[in-house]
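Engineer: Have a look at this one.
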Amino acid sequence: MPCLVSVLAGYLLGSVASAIVVCRLLRRPDPRSGGSNNPGATNVLRIAGRDAAAVTLIGDVLKGAIAVAIARLVSPDPVVWALAGAAAFFGHLYPLYFGFRGGKGVATALGSLTAAIPWAGALTAATWLVVIAGGVGANRALRQALGDLAGGALYF
């Protein structure tokens with residue numbers, strides 16, 4: 001039963017599309033209909049500015065972390081924690097509340113990883129920041145992908 005509760009809570013939390021909620025609250029364009037059409041922090045940065053993007057990023061990280069924190073409260077089993085984090089990730093990709101059109105899930109996955117294995121989350125975040133801030137590659141999406149891959153490779 002704790003596994004089912006954790007997975008369901010994770011998916012429902014993940015389904016809260018921070019980008020869409022933030023843009024609605026700030027009366028900015030729907031991120032699904034502007035910029036890259038992706039409801040994520042990077043696109044919110046394009047269409048609504050830094051402050052909105054920062055709030056979106058924090059919201060996306062927190063929903064992954066909260067999903068795993070709930071799982072940790074109801075179960076000592078790390079597999080349950082991982083399933084809750086994965087459910088939050090898939091909720092972000094396919095949000096129940098927003099027509100199953102979600103973002104890429106990078107920040108939500110980072111929040112889940114950090115709540116489950118703090119050192120791995122910190123290492124992944126640091127690597128991602130170095131790659132992004134360092135300007136590796138000319139394309140922002142390429143830099144993000146490289147940061148994600150480098151963080152994942154360091155973890156394993």
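Engineer: Kindly check whether there is at least one residue in the stretch 1-22 that is of a type in the set (S, T, N, Q), in a loop (DSSP other than H, G, I, E, B) and not assigned by the TED database to the domain that holds L129.
Structural biologist: Yes, that holds for at least one residue.
Engineer: Quick check on my filter: what residues within the stretch 79-105 are of a type in the set (F, W, Y) and either in contact with a strand residue (DSSP E or B) (Cβ under 7 Å, 6 or more places away or on another chain) or not in a helix (DSSP H, G or I) (or both)?
Structural biologist: Within the stretch 79-105, Y94, F100 qualify.
Listed here are the residues, each with its yes/no results for (1) farther than 15 Å from L8 by Cβ; (2) hydroxyl-bearing (S, T, Y); (3) at pLDDT below 95.
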{"residue": "N38", "(1), (2), (3)": "yes, no, yes"}
{"residue": "A48", "(1), (2), (3)": "yes, no, yes"}
{"residue": "D60", "(1), (2), (3)": "yes, no, no"}
{"residue": "K63", "(1), (2), (3)": "no, no, no"}
{"residue": "W81", "(1), (2), (3)": "no, no, no"}
{"residue": "F90", "(1), (2), (3)": "no, no, no"}
{"residue": "L93", "(1), (2), (3)": "yes, no, yes"}
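Engineer: Shifting gears a bit: In the list G99, G91, G111, which residue meets the criterion of being surrounded by fewer than 21 Cβ atoms within 10 Å (Cβ to Cβ) and small (G, A, S)?
Structural biologist: G99
Engineer: Further question: Name the residue that is surrounded by the fewest Cβ atoms within 10 Å (Cβ to Cβ), counting only residues in the stretch 1-29 that are without any contact (Cβ under 8 Å) to a residue 60 or more places away in the chain and under 17 Å from the mean Cα position of the chain (by Cα).
Structural biologist: Across the stretch 1-29, the extreme among qualifying residues is V21.
Engineer: Suppose we filter the stretch 31-51 for residues that are assigned to a helix (DSSP H, G or I), hydroxyl-bearing (S, T, Y) and surrounded by fewer than 21 Cβ atoms within 10 Å (Cβ to Cβ); how many remain?
Structural biologist: Within the stretch 31-51, residues that are assigned to a helix (DSSP H, G or I), hydroxyl-bearing (S, T, Y) and surrounded by fewer than 21 Cβ atoms within 10 Å (Cβ to Cβ) number 1.
Engineer: Test R72 against the stated conditions and say whether it is without any contact (Cβ under 8 Å) to a residue 40 or more places away in the chain, in a helix (DSSP H, G or I) and assigned by the TED database to the domain that holds L4.
Structural biologist: no
Engineer: Restricting to the stretch 80-92, name every residue that is more than 19 Å from R24 (Cβ to Cβ) and in contact (Cβ under 8 Å) with a residue 40 or more places away in the chain.
Structural biologist: V80, W81, L83, A84, G85, A86, A87, A88, F89, F90
Engineer: Here is a follow-up. Might you let me know whether the stretch 116-123 holds any residue that is surrounded by 15 or more Cβ atoms within 10 Å (Cβ to Cβ), at pLDDT 75 or above and not in a helix (DSSP H, G or I)?
Structural biologist: yes
Engineer: So, one more: Taking the condition of being within 29 Å of S6 (Cβ to Cβ), among the small types (G, A, S) and in contact with a helix residue (DSSP H, G or I) (Cβ under 7 Å, 6 or more places away or on another chain), how many residues in the stretch 17-55 meet it?
Structural biologist: 5
Engineer: Look at I58 and say whether it is closer than 22 Å to A122 by Cβ and either in contact with a helix residue (DSSP H, G or I) (Cβ under 8 Å, 6 or more places away or on another chain) or of a type outside the set (G, A, S) (or both).
Structural biologist: Here the answer is yes, as I58 does meet what is asked.
Engineer: Another question, then. Being among the charged types (D, E, K, R) and surrounded by fewer than 24 Cβ atoms within 10 Å (Cβ to Cβ), is that true of even one residue in the stretch 52-70?
Structural biologist: So far as the stretch 52-70 goes, no, none of its residues is among the charged types (D, E, K, R) and surrounded by fewer than 24 Cβ atoms within 10 Å (Cβ to Cβ).
The values are calculated or read from the model by the stated rules, or taken from the named source; none is laboratory data. Predicted model, so just to flag it, every value in this text is computed and none were measured. Virtual Cβ from ideal backbone geometry, glycine too; neighbours counted across all protein chains shown.
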